[in-house]
Each structure stands twice: as C-alpha cells, then as structure tokens.
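This report concerns only the one structure given below.
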Amino acid sequence: MTYVTARGRTPGWRRRRREVTAEGEGTRGQGAATRRSLPGSCPGLAGPRGARPGAPGCCWALPTALLCAYGFFCSVRPSEPFLTRYLLGMNLSETQVFNEIYPVWTYSYLALLFPVFLATDYLRYKPVVLLQGLSLIVTWFMLLYARGLRAIQFLEFFYGMGTATDIAYYSYLYSIVDIDLYQKVTSYCRSATLVGYTVGSVSGQVLVSVAGWSLFSLNVISLTSISVAFGTAWFLPMPRKSLFFHHVSSQPFSREMKVMDCKNGSAVQDQPSVQRTPGWEDETKVPLNMEGSSAEKQEQKVDVVKVLKDLWRDFLQCYSSWTMLCWSVWWALSTCGYFQVINYVQGLWEMVLPSNSTEIYNGGVEAASTLLGAVAVFVVGHIKTSWAMWGEVALALFSFLIAAAVYIMDTVHNIWVCYASYVVFRIIYMLLITIATFQIATNLSVERYALVFGVNTFIALALQTLLTLIVVDASGLGLDIFTQFMIYASYFAAISLVFLGSGIYSIIRAYRRQEQMPSRSPESH
C-alpha cells in the first residue's frame, strides 16, 4: 500500500485566483488555503459536518484519529505468530497445513485483488474498510470454532479477503484530508499499525511464555481487538470523492507532487513537468468559480470502460521506461519470494524445533524484526548515493544476502540461527523495498503511483500463485518444507545474478557515455 502527498503551487496561482473570484477575494496572505469550502463544510466529506472557517484542523483530526484507532486494534493480533502451532494442534497434519491450507490464502488474495481495487474506489473506501473488518472477524471466529480441513480452507479465503481489502485503509485518507496534511496523517496511521502489530506480537509472547495462556485464549483476544476495530470503523465519515469513479473536476493547475512509501516512510518528489494522461483529473485540483461565488467542487463520475482505458494507456506509458521496468521487475520478483518465506517460515520453525516439546519465541522474533526493519528504513532514507547508477548492483548484492539468509534458515537446524536469519531477511527486504519504492515513485503522479504499485503487487501475487501451485500445493509437487526453502534460496540467488549482470551492463554503458561526451563537446562549439 502507498501514501501519496501533493504539495506546492504553481507560480502565478494567486494572480489567477484574483482574476476569477469576486473583488477582494485574492488579497489573503501566504498562509491562505487554496481549497475553499462553504461555511461549515469539510472538503471530501459527505454532509454538512466539518470544520468551521478558520479551524481546518477539525476536518481531519477526527477521521484520522478514528482510522488510527481502527488500524491499531486491527493489528493487535497476539495469536498470529503462533498460527501454525495452533493449526497443528487441531488434528491437522503438517501436509494438510502447509500444502493444502496455506496455499488458499495466496489464491484468494490474487483473485480478489483487482476487483477489490476497483470496488474500493467505486464504493468510496469506507464500505471496503468495513468489509476488511468483517472478513477478519469471520477469520478469527472460525479459528475458534471451525474444525476440519474444508472449514479451515474456507477460513483462509476470508483471510485473503481481509488482506486484499487492506488497500482501503490507506486510500481512505486521501479522500478526506487536504493535500498539505497527507504526510502527517499517513505517518500517524502507519505508526498506529506498526505499534499495534508490535504490541500484539510482544503481548502474545509474554502471555504464552510467562503467563502460560493457551493459544485459544490468544485467539479470543485477537477476535476482541478486531471487533473493536470493526466497531470503530462505523464512525468514519463517508467520503464523497475518490480517485477514479468520483473524482473532482477542476482547472488544470500544475504542481509539485510528493509521494511517500506507506511501509517505509521515504518521501520522493514527482516532477511537475510529467505528462498527465488526457481525461484524467487529479482529485486534489481545485475548481475556480468563474462567477465569483464559492469555489465548490463538482463531482464527476466516470464510467468503468473509460477508467479501464485510461488505466491501460497509463500502464503502457509507465512501463515504457527502462528504469521503471527494471525496478518494477525486482519489486515483483522479490515480493513474491518474500510472501512465500513469511507465509511458511512458521512451518520451518516448527520442523526445526517442535513447539509441543519446548518453548518458542515466534512473537518476540516478529516484533524484533519489525522494529529493526523500521530502523533500517529510517537510515536508508538519509543515505546519499546515485541509485540510478548503483541501484541495480545494490539490489544484486543485497538479494544475494537474502538468499544466504534463507539458505542458512534451511540448512542450519538450530532455532536461534533460524530466528536470527529471519530477522536479517526481513531487515534487508524492508531496506531494499524502500529503495525500489523511491526509484519507482520519483516520476509518478498520484494516479500512476497507485497503478504501478497495484500492477507490481498483482504480478508478485501471480508469480507467488504459480510458485505455490508447483512447489507447495498438494496437487503439484507438494514438497516438504525444507525442500521448499531451498528452492526459495535458489530463487533469490537467481534474482541476484540477473540484476548483477544488468547492473554491470548499466555501469559500463554510463561510463562510455561519459567518455563520449568530452569528444563531442568541441564539435558542438
């Protein structure tokens, strides 16, 4: 999921505004808002409720606080790090859990991703947020009371639905707050989910290791927390606009765009000269009232066929860039492998050290890897280097380290070595995905940012589905967990080799261009 911010105003915006508004309207100071609403209204929210004139903070504070509360409680799931151990205790065999149950999540996630992407925008976010909460409630309710292979497979379908609908959580923000607040509110909401996940993992580990609680009790806590989140979501205001189907018609202001990666918090800048697709209107542009009255936004609905045509046209234009294509390929390939590892790593730990014979620390490891990964992301955001030249080589080297970490997890049958290798694996992936996000998002507008990352995620899920069907699924090879992880290590090693060759080629080509430039400069004079 991604965060998007849009800031900046074009030169002369204040003069143009004076020309089309009533006399005296253009004399406000530098801090005057570019968005103008009717008294008592809040941009982007349905109904008359909102901030009073002069108190714009009231508009975004309440929905942001509600969404943060939803994200926090939805992420407090202390039973999740112990899911494999819980399923194996339900008279399910290892083959059933790894080869017949877990693959259902991958298939359902892929099947629902694109329909949910369109439905989120068409229904204006809030209904899909509620659908996510309801899906997770059904998932954990079935974890408590469902029994049998078919019932647990059905449970995985609902979990896939909850994962696919996660896009609505972050998309909701950009329909209810002003563009100047995007960076602030996204940091709040992302922090809420990270804190919730960490609290859930740590509390689960403490309750199991210290208090001796059963995993059934942890699932009750998870269900309760998700239910609180679901109840909170009902109080979210209903947006009246969205990016594609319910966008706002306006005058074509150009402006500087900034994009923030939702997972990692790195901000990148979009060039104002980037060409926009004809027919697409940015939801953040402001219509000017030519008669001098209030500049009220007019909602413009777009039919599905036009939206799909515009998406296809933007798709072809975005991926015609070699840089965009290269980083997107790495994004899709690595995310596929990452999903596979985190989906089955609990099974590997269970095989290395059965949980019914000793104490396990899955919750602590998940919390530690999340916090250390966040630190790595923060550090990489302050590294100054030429990623355009050295990025591919960096991807190759770090992908090789990921392959080494997965290989060590698979071959060294020591639980503490497995834990340490998993932490290293997650830290490196979060660091690399930050760099990839930065490079991809640099020259993208709001619409294209959502499109490219949506397509990359879809490709990653398609590859993961293929890998699952061949390697994991009982109808395919149905390999054991150790053989699976050996394949995953080889998979990342292959990614490393491909990008090493591509990176060396790019560096050689760049140096040749630099050598040719001095020889051409005299001719130009």
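Quickly run through segment 200-216 and pick out the residues that are surrounded by fewer than 15 Cβ atoms within 10 Å (Cβ to Cβ) and either hydroxyl-bearing (Ser, Thr, Tyr) or part of a loop (DSSP other than H, G, I, E, B) (or both).
We begin by selecting, within segment 200-216, every residue surrounded by fewer than 15 Cβ atoms within 10 Å (Cβ to Cβ); these are 206, 209-212, 214, 216.
Result: Ser209, Val210, Ala211, Gly212, Ser214.
Quick check on my filter: what residues within segment 467-483 are open to solvent by 20 Å² or more (accessible area, probe 1.4 Å) and within 27 Å of Asn414 (Cα to Cα)?
Matches in segment 467-483: Leu467, Asp473, Leu477, Gly478, Leu479, Asp480, Phe482, Thr483.
Being hydroxyl-bearing (Ser, Thr, Tyr) and within 28 Å of Leu469 (Cα to Cα) is the filter; apply it to segment 100-138 and report the residue that is farthest from the chain's Cα centre (by Cα).
Among those residues, the one meeting the criterion is Tyr102.
Taking into account only those residues within segment 300-325 that are of a type in the set (A, V, I, L, M) and surrounded by 16 or more Cβ atoms within 10 Å (Cβ to Cβ), which is modelled with the lowest pLDDT?
Going through the qualifying residues, I end up with Val302.
Restrict the check to segment 158-170 and report whether at least one residue is more than 22 Å from Val341 (Cβ to Cβ), at pLDDT 90 or above and either of a type in the set (A, V, I, L, M) or open to solvent by 30 Å² or more (accessible area, probe 1.4 Å) (or both).
Yes, segment 158-170 has at least one match.
Report yes if some residue within segment 93-109 is farther than 24 Å from Thr193 by Cβ, part of a helix (DSSP H, G or I), open to solvent by 40 Å² or more (accessible area, probe 1.4 Å) and out of contact with any helix residue (DSSP H, G or I) (no Cβ under 8 Å at 6 or more places or on another chain); otherwise report no.
Quick first cut of segment 93-109, residues farther than 24 Å from Thr193 by Cβ only: 93-101, 103-104, 107.
From what's left, part of a helix (DSSP H, G or I): 94-101, 103-104, 107.
Still in the list and also open to solvent by 40 Å² or more (accessible area, probe 1.4 Å): 94-96, 100, 107.
Among the residues that remain, those that are also out of contact with any helix residue (DSSP H, G or I) (no Cβ under 8 Å at 6 or more places or on another chain) are: 95.
Yes, the conditions are met somewhere in segment 93-109.
So is Val424 among the aliphatic types (A, V, I, L, M) and either at pLDDT 80 or above or closer than 17 Å to Asn343 by Cβ (or both) or not?
Details: among the aliphatic types (A, V, I, L, M): yes; either at pLDDT 80 or above or closer than 17 Å to Asn343 by Cβ (or both): yes.
Yes.
Kindly indicate the residue of segment 61-84 that is part of a helix (DSSP H, G or I) and hydroxyl-bearing (Ser, Thr, Tyr) and also surrounded by the most Cβ atoms within 10 Å (Cβ to Cβ) among those meeting that condition.
Step by step, filter segment 61-84, then rank; the result is Tyr70.
Determine whether Ile226 is over 27 Å from Leu144 (Cα atoms) and open to solvent by less than 10 Å² (accessible area, probe 1.4 Å).
Criteria not met by Ile226.
From the list Phe339, Phe378, which residue is part of a helix (DSSP H, G or I), more than 15 Å from Ser421 (Cβ to Cβ) and modelled with pLDDT under 85?
Testing whether each residue is part of a helix (DSSP H, G or I), more than 15 Å from Ser421 (Cβ to Cβ) and modelled with pLDDT under 85 leaves just Phe378.
Output the qualifying pairs, or none if there are none: Cβ atoms under 7 angstrom, residues six or more apart or on different chains, first residue in segment 75-90 and more than 20 Å from Leu348 (Cβ to Cβ), second residue outside any loop (DSSP other than H, G, I, E, B) and among the hydrophobic types (A, V, I, L, M, F, W, C).
From residues that are more than 20 Å from Leu348 (Cβ to Cβ), the pairs are Val76/Val199; Pro78/Leu207; Pro78/Leu218; Pro78/Ile221.
Has segment 118-130 got any residue that is surrounded by fewer than 17 Cβ atoms within 10 Å (Cβ to Cβ) and within 20 Å of Leu463 (Cα to Cα)?
No.
Given the structure, is Thr232 modelled with pLDDT under 90 and either touching a Lys or Arg at 6+ places or on another chain (Cβ under 7 Å) or surrounded by 17 or more Cβ atoms within 10 Å (Cβ to Cβ) (or both)?
Working: modelled with pLDDT under 90: no; either touching a Lys or Arg at 6+ places or on another chain (Cβ under 7 Å) or surrounded by 17 or more Cβ atoms within 10 Å (Cβ to Cβ) (or both): yes.
The answer is no for Thr232.
The values are calculated or read from the model by the stated rules, or taken from the named source; none is laboratory data. Keep in mind that what you see is a predicted model, and the values were worked out from it rather than measured. Note that we place each Cβ from the backbone using ideal geometry, even for glycine, and neighbour counts take in every protein chain shown. The protein model used for the area step is the full one, side chains on, heavy atoms only, and it has no ligands, DNA or RNA in it. Shrake-Rupley method; radii C 1.70, N 1.55, O 1.52, S 1.80 Å.
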